[in-house]
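Everything below concerns the one structure shown next.
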Amino acid sequence: RIAEVMVEKNKNLPALRGSNGVTPLHMAALLGYREMVWFLYLVTDDKDPTNEEYTGLLIATISSDLYDVALDILKRRPESAIQRDPNGETALHVLARKPSAFSGKSQLGVWQRCIYSWVQVRLPNESGYASSMSKYQNHKISQVPLHLIRLLWQAIEVTGIKEVQEKKLLHMQALKLVKSLWEQVLLLNDSQIGDLLRSPSRPLFVAAEFGNFEFIVELIRSYPDLIWKVDEQSQSIFHIAVVHRQEKIFKLMYEIGAHKDLITSYKNKNNSNMLHLAAKLAPSNQLNIVSGAALQMQRELLWFKEVEKNVQPLYREMRDTEGRTPRMLFTEQHKGLVKGGERWMKDTASSCMLVATLITTVMFAAIFTVPGGNSSKGTPIYLETKAFIIFAISDAFALFSSVTSILMFLSILTSRYAEEDFLKSLPKKLIIGLTTLFFSIASMLVAFSAAFFVVLGHQLAWIVIPVALTACIPVTLFAFLQFPLLADMMHSTYGSGIFAQQ
């Protein structure tokens, strides 16, 4: 590389500073160039680096997800864990805002999530990560032909194993980093810990806002008193979790036993309790996790009901400073979402009902114009053939399924669209409607394939299989396009929901 050649000619280059006093190492860390950072980190010979420089480098590596470098910095300079940057933040503050580092397999695809637990990853023991990797690769190249290594590496990339390894390694490094940082913080006395967690921002509440579950668990595990801490609005991490709809953080409340009743009794300056916070409309970034206003309304109702179960009965009718109960506030805040959900449901039902009606019409007519025609006695000519029997059964099944679908969509169109209807009633009707519509489409195509075989099978036998395979394409497309919506609705309506105990 060019940098290696330049450093070989002048060993002092990595220690040179730019106009703002920034070293090449710090700049590479800010830009997230991992290989360059490791190279410069190993060759930079800064004779008198200050604590501020080490702290700045530590925070820069954390911001760029270079946790392996951050761990090595922390190993060399443990005191940098509690040092503040010019903004007054420590490395712990920065890490609190990075839930993606602890998300593990949640951001991976279906196949990658399945193999996540089986992929083995080990944290490197030596500080010179780059050099150890280089030795490992050179050792492999000396024993195995280069083209075999390339083929193996391509196979790993195709199957998604490489991405899983990288994600899992990042996750493990982030966990180790937060443990190491928190170990250094715990060496301080209670007053110093309080000051560090209080300003300029409070990492505990920032982590709760961003849904940084494992970060919070690691802190609470070794310092349980943190669950009682409140912010300027007298809100605990569980109140913050409700406001920002972070269910993983909220579910931690189930593990504190009877203390839960004390925490849910907290009220803010507006005399709003935890149920009032659940009654407010969720932030847009959390609302858009699910698609469609109807499913968003269902999710909001699930949150309200869950918090309602956990607060004392007295607090369910408590009024805030504006005289609103939690239910009144919920209705006020969600008027627009109810209207949007009604419009979304009606549009979806109308479109699907049109398709179901066409299928019903075609299938009803098809049974009276059977393939091959009728004999002089009025019975179908191919009545005894297996293909005709398949046609008749598929036609009848498609007809009944499409009629059921029409009835479900009609009931959606005539619904009263009350708030509670979005919780169970409307999603159930939509699930049944979409499922029966899918079966009617599939049965219609089976009936078509069977009729095609009855009419042309004995003359053009070679074309029957391609036609049947082609008929699978629309069914497959419908399944792929509608399955995510169906899966979300079934999980939230019939399944364990977003508050499943893990």
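Quick one: which of A479, A451, A500 is exposed (fewer than 15 other Cβ atoms within 10 Å of the Cβ), among the hydrophobic types (A, V, I, L, M, F, W, C) and either in contact with a strand residue (DSSP E or B) (Cβ under 9 Å, 6 or more places away or on another chain) or modelled with pLDDT of 80 or more (or both)?
A479
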Determine which member of the set I161, I216, I227, I220 is surrounded by 15 or more Cβ atoms within 10 Å (Cβ to Cβ), farther than 30 Å from S284 by Cβ and at pLDDT 65 or above.
-> I161
Failed criterion for G323 (all others in (1) more than 28 Å from the chain's Cα centre (by Cα); (2) surrounded by 16 or more Cβ atoms within 10 Å (Cβ to Cβ) hold) | (2)
Among the helices (runs of 4 or more DSSP H) contained in the stretch 1-104, which hold 1 or more residues that are over 37 Å from the mean Cα position of the chain (by Cα)?
-> 2-9, 34-43, 51-63
For the stretch 245-293, how many residues are among the charged types (D, E, K, R) and in a helix (DSSP H, G or I)?
-> 6
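So that you can scan it fast, the table gives a plain yes or no per residue for (1) among the charged types (D, E, K, R); (2) surrounded by 15 or more Cβ atoms within 10 Å (Cβ to Cβ); (3) touching a Gly at 6+ places or on another chain (Cβ under 8 Å); (4) closer than 30 Å to R198 by Cα:
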position: R34; (1), (2), (3), (4): yes, yes, no, no
position: L40; (1), (2), (3), (4): no, yes, no, no
position: I62; (1), (2), (3), (4): no, yes, no, yes
position: I82; (1), (2), (3), (4): no, yes, no, yes
Positions within the stretch 176-199 being under 24 Å from R245 (Cα atoms) and touching a residue at least 12 places away in the same chain (Cβ under 8 Å), in sequence order = V178, L197
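Residue by residue, here is whether (1) in the same structural domain as P326 (by TED's automatic domain parsing); (2) over 16 Å from F499 (Cα atoms); (3) in contact (Cβ under 8 Å) with a residue 60 or more places away in the chain holds:
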{"residue": "D225", "(1), (2), (3)": "no, yes, no"}
{"residue": "Q235", "(1), (2), (3)": "yes, yes, no"}
{"residue": "K251", "(1), (2), (3)": "yes, no, yes"}
{"residue": "D261", "(1), (2), (3)": "yes, yes, no"}
{"residue": "M274", "(1), (2), (3)": "yes, yes, no"}
Out of (1) among the polar types (S, T, N, Q); (2) within 23 Å of K280 (Cα to Cα); (3) surrounded by fewer than 17 Cβ atoms within 10 Å (Cβ to Cβ), what's the single condition that is false for Q192?
-> (2)
Which residue, of L437, L407, is surrounded by 14 or more Cβ atoms within 10 Å (Cβ to Cβ), touching a helix residue (DSSP H, G or I) at 6+ places or on another chain (Cβ under 7 Å) and farther than 22 Å from L301 by Cβ?
-> L437
Can you give me the number of residues within the stretch 175-192 that are at pLDDT below 90 and of a type in the set (G, A, S)?
-> 1
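The values are calculated or read from the model by the stated rules, or taken from the named source; none is laboratory data. Given the structure is predicted, the values throughout are model-derived calculations rather than measurements. Counting neighbours? That spans all protein chains shown, and the Cβs are built from the backbone with ideal geometry, glycine included.
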